[in-house]
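A.B. asks: The structure's right below; bear with me while I get my questions together.
The values are calculated or read from the model by the stated rules, or taken from the named source; none is laboratory data. Because the structure is predicted, anything quoted here is derived from the model rather than measured. With ideal geometry, Cβ positions are generated from the backbone for all residues, glycine too; neighbour counts draw on all protein chains shown. Ligands, DNA and RNA are excluded from the accessible area calculation, which covers all protein heavy atoms including side chains. Shrake-Rupley method; radii C 1.70, N 1.55, O 1.52, S 1.80 Å.
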Amino acid sequence: MASSSSKHPSSKHLQTLLQHVGTADFDPATGSAPVALPSMRTSTVRFRDLSALEDAQRRKGMGERAVTYGRMGMDTHIALEDAFKQLEGGEQAFLAPSGLSAITLTFMTFLSAGDHALVSDNVYGPVRLLDTEVLRRMGIEITYFAPNREEIDSLVRPNTKLLYVESPGSLLFEMLDLPALARQAQRHKLVLAVDNTWGSGYIYQPLKLGAQVSVVAGTKYVGGHSDLMLGAVVASDAEIGLRLNKTQYAMGYSISADDAWLALRGVRTLPVRMAQHARHAMQVCSWLQARAEVARIYHPAWPSDAGHALWQRDCTGSNGMLAVALKFSPAQARRFVEALQLFGIGFSWGGYESLVQLVDAGTLKSHRYWDQDNTALVRLHIGLEAPEDIIADLAQALDAALG
């Protein structure tokens, strides 16, 4: 059952496009089609004759999306790739088993032994593990820098090939000036890749701001239900896409058709879920602002956030992610986290549930944006529970920490 991924409605609204991308074609015999494209699972792809196989191999060699083996997936995967292209405004999309594997695909595509990359110091923590455990062993060197405080001109070397950033950041949600970074990258002929998991394409589109690669952990808001692992890398143009295509195929990346189906289902409700998360987060920020225990709120949609002006300029919405610097000792911070009843303790986010993470003080030392040394940082994902219940839970946990 083929996907009608090329047949989009004539709408300029992404919310509308996401309801129609990757749907099934009508059966020519019956004139009917299911509303939801089924999960198409296969390991082997059969061909009518050798000419058909040879044509698919030729097109694949040219960078086209041509299937010769089940590892790359068929209709369900193609539909999800098309959804990511719509979200990010990109030319081609490549799926990966997790967000971290999508990051790995990006580094492996654009870096070789002896190369150098510039990486923003606010990136997702496991990027540093990829650096120390894999890239260094391959003779690739990384320099971490604070994008809003350092110009890259003095950091670029003759062997620098990649500028990799995350905006907003993973812990403090600092907004970066992507158009400015894109101009710098272009001047030095660097590939600019952006981790866009926070925006997931729907509220933030780095490719339209000058990036060439957008990386998304679909595990988070795209999936939306905390029940799948998924990554995607979206290319701005065919040349970048061809490089990613070759590396993805060589590395043997594959995702389950069922996970692709779940993510495609999540795409349909992404607009309403993300808007609701954002409304709840703003209500929580308003309440937190009045609490004496709160030293600072990190949430780009919050007016007092340092990146609020950039958020207003570059984003079309927000989500449920925020961090709070609390005037707590380490022991009080632990009591606060463990007293929460509606918040699960965990590292992920983007699902329907509220989550909390007590950020390790040592981790913050690598973020030059951090200037609240006498506080404890707690990252919150504000879920879809009633905001009044979320606030009541935070209130009793703050009281418990002080008691």
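A.B. asks: Return a single number: how many Lys pairs in the chain, at a sequence separation of 8 or more or on separate chains, have alpha-carbon atoms below 20 angstrom apart.
C.D. replies: Lysine pairs meeting both conditions in the chain amount to 12.
A.B. asks: At 4 °C and a viscosity of 1.567 mPa s, what translational diffusion coefficient does Stokes-Einstein give for the chain, taking Rh as the Kirkwood radius over Cα pairs? Give it in µm²/s as a whole number. Numbers along the way, then the final one.
C.D. replies: On the way: Rh = 22.1 Å.
Roughly 59 µm²/s, to the nearest whole number.
A.B. asks: If you average the alpha carbon positions of the range 307-332 and of the range 336-378, how far apart do those two centres end up, in angstrom?
C.D. replies: Answer, in whole Å: 11.
A.B. asks: Given the peptides 166-177, 309-320, 218-229, arrange them by the average over their residues of other C-beta atoms within 10 Å, most packed first.
C.D. replies: 166-177, 218-229, 309-320
A.B. asks: Moving on. What FRET efficiency would be calculated for the residue pair Ala275, Asp55, taking the C-beta separation as r and a Förster radius of 51 Å, to the nearest 0.05? Walk me through the numbers on the way to the answer.
C.D. replies: Numbers: r = 44 Å, r/R0 = 0.87.
In this case the efficiency is close to 0.70.
A.B. asks: Oh, and also: Provide the packing ranking of 69-77, 142-150, i.e. peptides ordered by the mean count of other C-beta atoms within 10 Å per residue, highest first.
C.D. replies: With the highest mean Cβ count within 10 Å placed first, the list reads 69-77, 142-150.
A.B. asks: Considering only the other residues whose Cβ falls under 13 Å of the Cβ of Leu105, what net charge follows from Lys and Arg at +1 and Asp and Glu at -1?
C.D. replies: Neighbour charge sum, excluding Leu105 itself: +1.
A.B. asks: Nearest 5 is fine: what % of DSSP beta bridges in the chain come out antiparallel, could you say?
C.D. replies: Antiparallel bridges: around 55 percent, rounded to the nearest 5.
A.B. asks: Where in the chain are the DSSP H helices whose C-alpha atoms run 27 Å or more along the long axis and whose mean Kyte hydropathy is at least -1.0?
C.D. replies: What comes out of the filter, once short or polar helices are dropped, is 257-289.
A.B. asks: Under the rule of -39500 (n - 2.57) per DSSP H run of 4 or more residues, summed and divided by the residues of the chain, what mean residue ellipticity at 222 nm is obtained, to the nearest 500 deg cm²/dmol?
C.D. replies: -11000 deg cm²/dmol
A.B. asks: Another one. If I compute solvent accessible area with a 1.4 Å probe over the protein chains, what percent of it on the range 145-260 is carbon and sulfur?
C.D. replies: 51 percent
A.B. asks: Please give the solvent-accessible surface of Leu100 in Å², to the nearest 10, using a probe radius of 1.4 Å with every protein chain present.
C.D. replies: Estimated to the nearest 10 Å², Leu100 gives 60 Å².
A.B. asks: Would you work out if the range 299-398 is rounded, prolate or oblate? Take a ≥ b ≥ c from the square roots of the eigenvalues of the alpha-carbon gyration tensor; rounded if a/c is under 1.5, else prolate when a/b is larger than b/c, oblate otherwise.
C.D. replies: It comes out oblate by the Cα gyration axes.
A.B. asks: Now for a separate question. Relative to the present Cα-Cα distance, how much length would full extension add between His225 and Ser43 at 0.36 nm per residue of separation?
C.D. replies: Gain on extension, His225 to Ser43, equals 62.8 nm.
A.B. asks: Restricting attention to the alpha-carbon atoms of the range 47-104, what are Rg (one decimal) and Dmax (integer), both in Å?
C.D. replies: 13.1, 39
A.B. asks: Compute the distance in nm between two label points, each set 7 Å from the Cα along the Cα-to-Cβ direction, one at Leu402 and one at Tyr69.
C.D. replies: So the label points at Leu402 and Tyr69 sit 6.2 nm apart.
A.B. asks: Where the centroid of each part is defined by its Cα atoms, how far is the range 27-106 from the range 275-295 in Å?
C.D. replies: When both Cα centres are located, 42 Å separates them.
A.B. asks: Would you mind getting the accessible area per residue of the chain, heavy atoms of the protein chains only, 1.4 Å probe, in Å²?
C.D. replies: Ligands and nucleic acids excluded, the result is 43 Å² per residue.
A.B. asks: Take Ala290 and His308, extend 7 Å from each Cα along the Cα→Cβ direction, and tell me the distance between the two endpoints in nm.
C.D. replies: Label-label distance for Ala290 and His308, simple model: 1.8 nm.
A.B. asks: Which FRET efficiency value, to the nearest 0.05, is calculated for Arg149 and Ala250 with the Förster distance at 41 angstrom and r the Cβ-Cβ distance?
C.D. replies: 0.65
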